[in-house]
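Student: Please read through the structure below; I'll follow up with questions.
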Amino acid sequence: MSAGHETSPLKTGDGTRAVRAGLPEPVKYEPTLPGPVFAAHFHLPGEATGPYTYGRDTNPTWTHLERAIGELEAPGESVETVTFASGMAAVSAVLFSQLKAGDAVVLPVDGYQALPLVRERLEAYGVEVRTAPTGDDAQLSVLDGARLLWIETPSNPGLDVCDVRRLAEAAHTAGALVAVDNTLATPLGQRPLELGADFSVASDTKGMTGHGDILLGHVTCRDTELAAGVRQWRKVVGAIPGPMEAWLAHRSLATLQLRIERQCANALALAEALSGRGEVTGLRYPGLATDPSHKTASLQMRRFGCVVSFVLPDRGHAERFMDSLRLVDDATSFGGVRSTAERRGRWGGDAVPDGFIRFSAGAEDAEDLVADVLRALDEALDEAADSTP
């Protein structure tokens, strides 16, 4: 290469980007992805001017993962990512680093079920908390004077969708920052920063790592000052990811596009099959053309996620259905390669009917997964008929 000549970044697809995201420059005889660095402290002769000083502050394994996530969140752009020990650690870092007594924050009333616990803490610290539903962009009605707008779209578990661009523009006009919980969509389904958000937040426990064996979270933003505040919060509270978890997460990102494509296809196949069942009501999946949120979702989502929600007649019917499934684990998470489902009402905290099912489509063969669900529905109906006097 001649002096002064620079190569431009390659424009690549999601699969290529996921496979190569965050990898360091190749070094002869070194692994492509260096192993996890387990260190509480580093050698610091003289002035501490290097990037790695103490294990609560920085770690080379985090650096590789954070670069990788940043490349997926905003390809070709300069962003900063901060990783955390869990999704709720990431959520808390944004809220508590940006809000102080006297501020107002807008939260979705139908968001993740731990948000009410966060609300209690915020209010105890003198923060005004306003809530509104995700659907119909209802949060617009309570924005005036708020410091921060928190969006979760699609919402968990109801799968309502709001117009991120519209809300972000209105929030910025009103002087508010915007954070989007992008856990369900992942950056391959939706890129909040491109839609106008200041923070893209996610529980990487779910689809990003995809195997149900890691707790992790992240925050990505363009503004270096906002990122510094989030990073400082991580340092103060010590909500840091373990090096092994960070390394496993980076390794798992290589299959992200493969997993997400299969899971989204399976979710759509399942939703289409469920749409023909008389005992199923309240069916929601943003990828269905008949879904109330499909039009809005289509304008801002590139993939519609792996989660399908629906309602069976009552608690007993839902429990019989869950007991009859053979290829689906009864578990309280989503985004994994193995399909999971649960009767969501068993936890409380979500405003859902007793028969509400949150179903996370995995990477099984679609025909097998759909057949298992339809068979379980049939068995649940048969048992109901047998028990009728």
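Student: Taking the Cβ of residue 125 as the centre, find all other residues whose Cβ is under 12 Å away and add up their charges (Lys, Arg: +1; Asp, Glu: -1).
Tutor: The answer is -1.
Student: If I model a spin label as a point 7 Å beyond the Cα along the Cα-Cβ vector, how far apart are those points for residue 236 and residue 384 in nm?
Tutor: 5.2 nm
Student: If the convex hull of the alpha-carbon atoms of the stretch 179-297 is projected onto planes in all directions, what is the mean projected area in square nanometres?
Tutor: For the Cα atoms of the stretch 179-297, the hull's average projected area reads 9.2 nm².
Student: Then there's this: What's the center-to-center distance, using Cα atoms, between the stretch 157-223 and the stretch 20-34 in Å?
Tutor: Here the two parts' Cα centres lie 29 Å apart.
Student: Using only alpha carbon pairs under 8 Å that are at least six residues apart, calculate the relative contact order of the chain and give it in whole percent.
Tutor: With pairs under 8 Å counted, the relative contact order is 16 percent.
Student: Which one, 26, 192, 353, has the greatest fluctuation when you compute a Gaussian network model over the chain with C-alpha springs under 10 angstrom?
Tutor: Of the options given, 26 has the highest mean-square fluctuation.
Student: Please work out the average accessible area per residue across the stretch 19-92, using the 1.4 Å probe convention, and give it in Å².
Tutor: Ligands and nucleic acids excluded, the figure is 57 Å² per residue.
Student: For Cα pairs less than 8 Å apart in space and 6+ apart in sequence, what is the mean separation divided by the residue count of the stretch 128-238, i.e. the relative contact order in percent?
Tutor: It comes to 18 percent, rounded to a whole number.
Student: Then there's this: So for the pair residue 125, residue 346, with labels modelled 7 Å out along Cα→Cβ, what separation do we get in nm?
Tutor: The modelled label-to-label distance comes out at 3.4 nm.
Student: Between 308, 19, 82, which gets the highest mean-square fluctuation from a Gaussian network model of the chain, Cα cutoff 10 Å?
Tutor: 19
Student: Right, another one. Compute the longest continuous run of the chain that contains no exposed chymotrypsin sites (Phe, Trp or Tyr not before Pro); treat a site as exposed when its DSSP state is not H, G, I, E or B and it has at most 14 other Cβ atoms within 10 Å.
Tutor: Between exposed loop sites, the widest span is 126-389.
Student: Turning to a different aspect of this structure: Could you work out how far the C-alpha centroid of the stretch 93-108 sits from that of the stretch 290-355, in angstrom?
Tutor: Centre-to-centre distance over Cα atoms comes out at 30 Å.
Student: Heavy atoms only, probe 1.4 angstrom, no DNA, RNA or ligands counted: give me 128, 30 ranked by accessible area, highest first.
Tutor: 30, 128
Student: Let me ask you something else. Under a crude label model (7 Å from the Cα following the beta-carbon direction), how far is residue 323 from residue 56 in nanometres?
Tutor: The modelled label-to-label distance comes out at 5.0 nm.
Student: Take the solvent-accessible surface of the protein heavy atoms, probe 1.4 Å, and return the percent of it on the stretch 238-389 that carbon and sulfur atoms account for.
Tutor: 53 percent
Student: Using the crude model of +1 on Lys and Arg Cβ and -1 on Asp and Glu Cβ, and no other charge, please compute the dipole size for the chain relative to its Cα centre, in debye to 20.
Tutor: For the chain, the charge dipole is close to 880 debye.
Student: Related question: Per residue, how large is the accessible surface of the stretch 114-245? Use a 1.4 angstrom probe and give square angstrom.
Tutor: On a per-residue basis, 36 Å².
Student: Follow-up. Once you have the Cα-Cα distance between residue 77 and residue 295, take 0.36 nm times their residue separation minus that, and quote the gain in nm to one decimal.
Tutor: Here the answer is 75.7 nm.
Student: Taking a temperature of 4 °C and a viscosity of 1.567 mPa s, what whole-number D in µm²/s does Stokes-Einstein yield for the stretch 12-59 with Rh from Kirkwood over alpha carbon pairs?
Tutor: Stokes-Einstein gives a translational diffusion coefficient of 96 µm²/s.
Student: Follow-up. Please compute the net charge surrounding residue 265, taking Lys and Arg as +1 and Asp and Glu as -1 over other residues with Cβ under 12 Å from its Cβ.
Tutor: -2
Student: Hey, another quick one. Of 280, 29, 380, which is farthest on the positive side of the dipole of the chain, counting Cα position, with +1 on Lys and Arg Cβ, -1 on Asp and Glu Cβ, and the Cα centre as origin?
Tutor: Of 280, 29, 380, it is 29.
Student: Write down, largest first, the equivalent ellipsoid semi-axes of the stretch 76-167 in whole Å, where each equals the square root of 5 times an eigenvalue of the alpha-carbon gyration tensor.
Tutor: That gives 19, 18, 14 Å for the three semi-axes.
Student: In addition: Picking from 269, 114, 179, which is most flexible by a Gaussian network model of the chain using Cα springs under 10 Å?
Tutor: Residue with maximal mean-square fluctuation among 269, 114, 179: 114.
Student: For a quick check of your reading of the filter: which trypsin sites (Lys or Arg not before Pro) in the stretch 114-163 sit in a DSSP loop and have no more than 16 other Cβ atoms within 10 Å?
Tutor: none
Student: Would you list which lysines come within 27 Å of residue 100, measuring only between C-alpha atoms, while excluding same-chain residues fewer than 8 positions from it?
Tutor: 235
Student: Still on this structure: Contact order normalised by length for the stretch 67-152, with contacts defined as Cα pairs under 8 Å and 6 or more residues apart; what percent is it?
Tutor: Computed over the stretch 67-152, the figure is 30 percent.
Student: Summing -39500 (n - 2.57) over the DSSP H runs of n ≥ 4 in the chain and dividing by its residue number, what mean residue ellipticity at 222 nm do you reach, to the nearest 500 deg cm²/dmol?
Tutor: It lands at -11000 deg cm²/dmol.
The values are calculated or read from the model by the stated rules, or taken from the named source; none is laboratory data. Computed from a predicted model, the values in this text were never measured in an experiment. No Cβ is skipped: glycine too gets one built from the backbone with ideal geometry, and neighbour counts run over all protein chains shown. The protein model used for the area step is the full one, side chains on, heavy atoms only, and it has no ligands, DNA or RNA in it. Shrake-Rupley method; radii C 1.70, N 1.55, O 1.52, S 1.80 Å.
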